[in-house]
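Asker: Shown below is the structure under consideration.
The values are calculated or read from the model by the stated rules, or taken from the named source; none is laboratory data. Here the structure is a predicted model, which means the values were calculated and not measured. Ideal geometry is used to build each Cβ from the backbone, glycine not excepted, and the neighbour counts take in all protein chains shown.
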Amino acid sequence: MEQPQAAPQENFTSFFIDTLINFAIAVILFVLIYVLVAVPHKVDGSSMLPSFFHGDYLLTEKVTRLWDDYDYGESIVFYYPKDTSKRFIKRVIALPHDTIKLSQGMVYINDLPLDEPYIKGDPTTGHRFLSEDEPYTLGDHEYFVMGDNRSGSSDSREWGPVSRDLIVGKVFFRYWPLSRLGLIERF
C-alpha cells in the first residue's frame, strides 16, 4: 500500500519549523554554556609571555568557582579593578590571608620564596602598590595576581589585589592557534 504524498507546501512548512526549533535549541544551549560554564577570552598584549601570546584564544571555565577557590599558579581571567569594562588574564600568586613580599628580585609568600618557572623577567620590576621589602597581607576574598612577563605587566604589584567577585574564572583550554591547542597546565 502506498503512503500518501504530502503537499510541497506542507513539506516546506515542516522543514522550516524543524529548522527554527533546532536553531532555537542551539542558541539556548550556547547561552547556557556561555553564562554558566565557559567563556572565550582573547589575549591582548604581552603580559603573560611566554605562557600566552598576544592573539591566543582561550576558554575560561566558570563552574568550579561556585564550590572551590582559586589556587596558586592558576591563570585566571578577571575584570580589571580600576575599569571593570576590561578583562585581564594573570596568574594567581597569593591567596586570601597570605602575606606577600617582593625582595631582591624574589617573590615571598608567607616568608617562603616562590618558585616561578613560568616567568619572564625580574619578578619585582614595575610596582607601585607593593613596595620593595614591604609585606602586604591579603584580606578575605583577595587574590594577588601577576603577569608572567613581569617587566611588561600591569598587575597587583601596581594596582593591588583582585577581589574574588571580579574573577570570571580560570583558564583551562587554548583553542587558537591550532599549533598550541590544548589544556592549560597549572604551575
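Asker: Of these, Phe144, Phe173, which one is outside any loop (DSSP other than H, G, I, E, B), under 18 Å from Asp56 (Cβ atoms) and at pLDDT 90 or above? Write out each step before concluding.
Answerer: Working: Phe144 fails: under 18 Å from Asp56 (Cβ atoms).
None of the other options fit; the residue is Phe173.
Asker: Residue check: is Leu130 assigned to a loop (DSSP other than H, G, I, E, B), more than 28 Å from Lys42 (Cβ to Cβ) and in contact with a Phe, Trp or Tyr (Cβ under 8 Å, 6 or more places away or on another chain)?
Answerer: yes
Asker: Here are some conditions: (1) surrounded by fewer than 18 Cβ atoms within 10 Å (Cβ to Cβ); (2) within 24 Å of Gly55 (Cα to Cα); (3) aromatic (Phe, Trp, Tyr). Phe78 meets all but one. Which one does it not meet?
Answerer: (1)
Asker: For a quick check of your reading of the model, give me the residue pairs whose first member lies in region 151-167 and is touching a residue at least 12 places away in the same chain (Cβ under 8 Å), whose second is in a helix (DSSP H, G or I) and of a type outside the set (S, T, N, Q), with beta-carbon atoms closer than 7 Å and at least 6 apart or on different chains.
Answerer: Ile167/Arg65
Asker: Can you name every one of the strands (runs of 3 or more DSSP E) wholly within region 30-108 that holds 2 or more residues which are in contact with a Lys or Arg (Cβ under 8 Å, 6 or more places away or on another chain)?
Answerer: Hits in region 30-108: 38-42, 57-61, 75-79.
Asker: Only one of (1) within 20 Å of Arg186 (Cα to Cα); (2) surrounded by 13 or more Cβ atoms within 10 Å (Cβ to Cβ); (3) modelled with pLDDT under 90 is not met by Asp115, so which one is it?
Answerer: Among (1) within 20 Å of Arg186 (Cα to Cα); (2) surrounded by 13 or more Cβ atoms within 10 Å (Cβ to Cβ); (3) modelled with pLDDT under 90, the lone unmet condition for Asp115 is (2).
Asker: Confirm whether Ser151 is modelled with pLDDT under 85, within 22 Å of the chain's Cα centre (by Cα) and outside any strand (DSSP E or B). Quick ask: steps written out before the conclusion?
Answerer: Numbers: modelled with pLDDT under 85: yes; within 22 Å of the chain's Cα centre (by Cα): yes; outside any strand (DSSP E or B): yes.
It is true that Ser151 is modelled with pLDDT under 85, within 22 Å of the chain's Cα centre (by Cα) and outside any strand (DSSP E or B).
Asker: A further question on this structure: Which residue out of Gly105, Gly73 is in contact with an Asp or Glu (Cβ under 8 Å, 6 or more places away or on another chain) and closer than 23 Å to Leu49 by Cα?
Answerer: Matching residue, one of Gly105, Gly73: Gly105.
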